[in-house]
1. Testing Gly108 on (1) in contact with a Lys or Arg (Cβ under 8 Å, 6 or more places away or on another chain); (2) surrounded by 14 or more Cβ atoms within 10 Å (Cβ to Cβ), one condition comes back false. Which one is that?
2. Could you tell me which of the residues Ile68, Ile56, Ile32 is within 18 Å of Val102 (Cα to Cα), surrounded by 14 or more Cβ atoms within 10 Å (Cβ to Cβ) and not basic (Lys, Arg)?
3. Identify all residues within the range 39-53 that are among the small types (Gly, Ala, Ser) and either more than 27 Å from Gln106 (Cβ to Cβ) or open to solvent by 40 Å² or more (accessible area, probe 1.4 Å) (or both); write none if there are none.
4. Name the single residue that is farthest from Val10 (Cα to Cα) among those in the range 91-105 being modelled with pLDDT under 95 and open to solvent by 40 Å² or more (accessible area, probe 1.4 Å).
Amino acid sequence: MDIAEFHAKVYHVVRQIPPQHVTSYGHIAKLIGMPNYSRHVGQALKFLPANVNPPIPWQRVISSSGIISSRGPGTSGADVQRHALEAEGVEVTVTRGGEIRVDLRQYGWFPA
């Protein structure tokens, strides 16, 4: 599978995540038949084209521990993702250590 096909499969699955739900990079990888490629799922979402139609709800993909990953020092991507999820009605908490977290038991979407 080439990179364009991989990205297309990722985007197809991400579009299926219902509003007010999240899933993990690893689960997306599993659903497209490439369970060891969770980091590549993250890269596909990182390079998501602007204004793609129909929209791809990238904000609904988080780490398997329920944490919204930092995009590195001086970046605001995690906050943008947090606000997008909150706008959908997903409860997001910030731990004492500053981790931004979603309760996967309540908001997780993990179809077989």
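The values are calculated or read from the model by the stated rules, or taken from the named source; none is laboratory data. Nothing here was measured: the structure is a model prediction, and the numbers come from that model. Quick reminder, even Gly has a Cβ in these numbers, built from the backbone with ideal geometry, and neighbours come from all protein chains shown. For accessibility, only protein heavy atoms count, side chains too; no ligands or nucleic acids. Shrake-Rupley method; radii C 1.70, N 1.55, O 1.52, S 1.80 Å.
1. It fails just one condition, (1).
2. Testing whether each residue is within 18 Å of Val102 (Cα to Cα), surrounded by 14 or more Cβ atoms within 10 Å (Cβ to Cβ) and not basic (Lys, Arg) leaves just Ile68.
3. Residue satisfying the conditions is Ala50 alone.
4. Arg96
Here is a yes/no grid of residues against (1) out of contact with any strand residue (DSSP E or B) (no Cβ under 9 Å at 6 or more places or on another chain); (2) modelled with pLDDT under 95; (3) of a type outside the set (D, E, K, R):
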{"residue": "Pro73", "(1), (2), (3)": "yes, yes, yes"}
{"residue": "Ser76", "(1), (2), (3)": "yes, yes, yes"}
{"residue": "Asp79", "(1), (2), (3)": "no, yes, no"}
{"residue": "Gly89", "(1), (2), (3)": "yes, no, yes"}
